[in-house]
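Coordinate-derived values only; no laboratory data. Here the structure is a predicted model, which means the values were calculated and not measured. Every residue, glycine among them, receives a Cβ derived from its backbone with ideal geometry; neighbour counts consider all protein chains shown.
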């Protein structure tokens, strides 16, 4: 069991993660009546980038050079930290959900600092927008995960997955409200519509893509991989904490790929149906989601333990 | 033994203070001060680790007594850890001119006053040390600034606010002494009006000194005015001594406070945390920005304290002890990284001649040692793993998360809101320090002075390097400190803590494991990328020539958030367009984010007091007849009162 869970966690998080944005892009194209790229397209892109040389920006220094590696390392450590099923083994980084928030912030800091090092206006524009939204996303994330943490009586992710399994927790509206709050966190962290448009080629509208503008080659490969891993992390949390999942750890492992694919389909549908929100209205959207999650906490505390 | 070492350290500080007064022995004197501070640090942490007591016990009698115990030891250790590098730094930072030497003498007096408060065991010594601790930095500011207009005004505001609010400290301490409860001992009944009165007075009095919102207005004015080493001591230690007072009174001496009082403390903490960092974000002067961050961090400490009070009221003793440990751990951590950042700011001010964020830039390349240390401090204050700020913010978040777990609906909701506030604070701190690091250390120099900046002398570099190392070490093994900190709680039931932060009810934070994973992954990825890179090109600006005028500013980077929070912050902007003959000659832009508490709360209060004073002045007409009239009126009123039976 332990070995299987660790294998799924590492293989899925570190190797197969680029499949998730690939699936979204693929299905989105289908929904829009285009043939679109195959789901494996992100892997091809990573291979292409791996063969190219990186670029140097005049006046930039060590922070610009180290940022992609630091961001990717933070996300890789986060993969070690997020278990895929109840009772998954610890891989040296603990299982704490609040530590996950810290690692995501480290990646954000590294990328935003790199934009200051190059001084590129478009990069800084994206970085400052990303950081603005992150203020609300972080509050929403912490409020949303408070509910499963209260259910489990612990912030241990493996314990939280176990405690939210089955159907009995759904007799209280708390988890549903927290799930609604977490949905906004998923959209914001993955950089998808209505928060951000991953397909844009217009620098003026970029958020997450902006700070990547000055990178090429393996540096860019690291950053694109990190973005794919971010999909993996938040979608695994969504599937195993905020959606109904089976009690048995084996069944949790078995259903995970299906649920992840389903969530990718939902993201693709969302990207097709919903247009991008005005940037200044995004925080309002995320704040409303955080308010829902707060309602979830209140309803749980008011309802007492089940 | 720790007491002897402490005595030796304080004696060395006093001798160093005297020696620094003379030109010939200035350097020796400052070094003696630093050695004394190091001894204070060693003695403090020694007493803390052993949880030993020495010297007198607390007494409510007005007889000077000094003593040492675990909590005093922890704060003395914090004082020493900040004071040692700050004093080493000051040797080259302060010129050995008359003014510099006076500051050197005063800084030794400042450290001694702080130690006096921490070692005081009776109300008299405590209050005397408390007042000295307030007055000495005021003197330093006046001396260092040659008592210019700005300095006089700042010192006036500082003394006025800290004394108006500080009355709360006197009331709390004297009431405690009157009840025979200075030092605890159950003289104050749980739930009595006396208990609540003392708690409220202490919260206002010491909250003012700690820079808690809305009593904070003096802090962002006074801290940036002082020379860098004294700023480091003020932000690193002085406001923490107020936290020491709060811990003593609220947690230790008053027994169990009602849960709603804990919620009030949580609310003040959340307000300070979010408010402090929000105004710091829109601040464009490095030292003022750092001072506002002190308000934020005091807010985080007070959030831990509030969680402790609520959890104690809900008899969740294990987590109450951990919440207290979170507050104290953040106290130590903030002292270390804030001192580091203030000393770094002092270095940059000397090297580039400016503290305005938009007039620095590219200093990481020109000052590799000081710049790298400053970068570590910025990562630590932004609460990023694997540094120390992350560990204590994580522990505070955990403590707040256990408030809804053990609390009722009202305090549980308050805990959840505080949790969200702390999460938003952490994200805002990341935003703010990305800005600071970017504008100060990265990119190209923005002025000729920044271009010509040179690395600081060895002693200054050693001071910041020591503090940066402390940030890393405290981030790797916070559990060792927390293990002893939970023992400081005056109630039983403290949980066992591992060297990483392995706690029951959490997913555990193996700080060293995360650090190793991060380091190994980063190294592997850097190695895998290899060194192959294309020749350097200017950055992409849509084909435009890249010139300094295109560079982003502090105000520009934070503009999205300013627009989003317009309804709350009420920023001001003014655009003036000058035209001549239909042709635009000049466009000037001025924008600022006014501090709402200053504008809406203090300004009307000041205006009203001035108006009241003007009204009262009319009584003092100077004419003899009027004064005789007042006397007759007074006698008549007294007679009438006696007649009615109110007096006599």
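In degrees from 0 to 90, rounded to the nearest 10, what is the angle of the helix A:121-152 Cα long axis to the longest principal axis of chain A? Computed tilt is about 10 degrees. Exposure proxy shown here: for B:208, B:125, the number of other Cβ atoms within 10 Å sets the order, fewest to most, as B:125, B:208. Could you work out the relative contact order of region B:281-371, using alpha carbon pairs under 8 angstrom and six or more residues apart, expressed as a whole percent? Dividing the mean separation by the residue count of region B:281-371 yields 32 percent.
Counted residue by residue at 0.36 nm each, then reduced by the alpha carbon distance between them, the extension gain from residue B:576 to residue B:473 reaches 31.9 nm. Compute the Cα gyration tensor for the protein assembly as shown, then decide on rounded, prolate or oblate, letting a ≥ b ≥ c be the square roots of its eigenvalues: rounded whenever a/c is under 1.5, prolate when a/b is larger than b/c in the other cases, and oblate in all that remain. Because a/c hits 1.5 or more and a/b exceeds b/c, the protein assembly as shown counts as prolate. Between residue B:608 and residue B:315, residue separation times 0.36 nm minus the direct Cα-Cα distance comes to 101.0 nm. GNM on chain A, alpha-carbon springs under 10 angstrom: the most fluctuating residue among A:274, A:24, A:185 is A:274. Contact order for chain A, expressed relative to its length and based on alpha carbon pairs under 8 Å spaced 6+ residues apart, stands at 29 percent. Relative to the present Cα-Cα distance, how much length would full extension add between residue B:139 and residue B:167 at 0.36 nm per residue of separation? Roughly 8.0 nm would be gained on extension. Put the Cα centre of region B:364-386 next to the Cα centre of region B:220-276 and the gap is 25 Å. Label region B:505-648 by shape, choosing from rounded, prolate and oblate, from the square roots a ≥ b ≥ c of the eigenvalues of the Cα gyration tensor; if a/c is under 1.5 it is rounded, and otherwise prolate applies when a/b is larger than b/c, oblate when it is not. Oblate, since a/c reaches 1.5 and b/c is not below a/b.
Sorting the segments A:248-259, A:79-90 by their mean number of nearby beta carbons within 10 angstrom, highest to lowest, gives A:79-90, A:248-259. With a 10 Å cut-off around each Cβ of B:399-409, the average count of Cβ atoms from other chains is 4.
Overall shape: oblate for region A:182-306, with the ratio a/c of the largest to smallest alpha carbon gyration tensor axis at 1.5 or above and b/c at least equal to a/b. GNM remark for chain A: springs join alpha carbons under 10 Å apart, and the peak mean-square fluctuation among A:221, A:66, A:127 falls on A:66.
For chain A, the longest principal axis of the C-alpha atoms and the axis of helix A:282-303 are separated by about 20°. FRET efficiency for the pair residue A:32 and residue A:278, taken as 1/(1 + (r/R0)^6) with r the Cβ-Cβ distance and R0 = 25 Å, rounds to 0.65. If R0 is 30 Å, the Cβ-Cβ spacing of residue B:8 and residue B:146 corresponds to a FRET efficiency of close to 0.25. Here region B:514-592 and region A:103-137 have alpha carbon centers that stand 10 Å from each other. Highest GNM mean-square fluctuation among A:22, A:33, A:119, for chain A modelled with Cα contacts below 10 Å: A:33. Cα centroid separation, region B:1-69 to region B:304-342: 26 Å. Here, region A:2-303 has an Rg and a Dmax of 18.7, 60 Å when only alpha carbons are counted. The ellipsoid that matches the Cα gyration tensor of chain B has semi-axes, each √(5λ) in whole angstrom, of 40, 33, 27, with the longest given first. Using just its DSSP H runs of length 4 or more, each adding -39500 (n - 2.57), chain A gives a mean residue ellipticity at 222 nm of -22000 deg cm²/dmol after division by all residues. Taking other Cβ atoms within 10 Å as a rough exposure proxy, B:246, B:112 sort from fewest to most as B:112, B:246. Neighbour counts of other Cβ atoms within 10 Å put B:90, B:621 in the fewest-to-most order B:621, B:90.
Starting from the Cα of residue B:132, move 7 Å in the Cα-to-Cβ direction to define the label point; list residues of region B:87-126 whose amide nitrogen is under 12 Å from there. Under cut-off, by backbone N: B:108-120, B:125-126. Helical content alone sets the calculated 222 nm signal of chain B at -22500 deg cm²/dmol, taking -39,500 (n - 2.57) per DSSP H segment of four or more residues and averaging over every residue. Extending 7 Å from Cα along the Cβ direction at residue B:528 and again at residue B:616 yields two label points whose distance is 7.3 nm. As a rough guide to protection, the peptides B:394-405, A:153-164 ranked by mean Cβ packing within 10 Å, highest first, stand as B:394-405, A:153-164.
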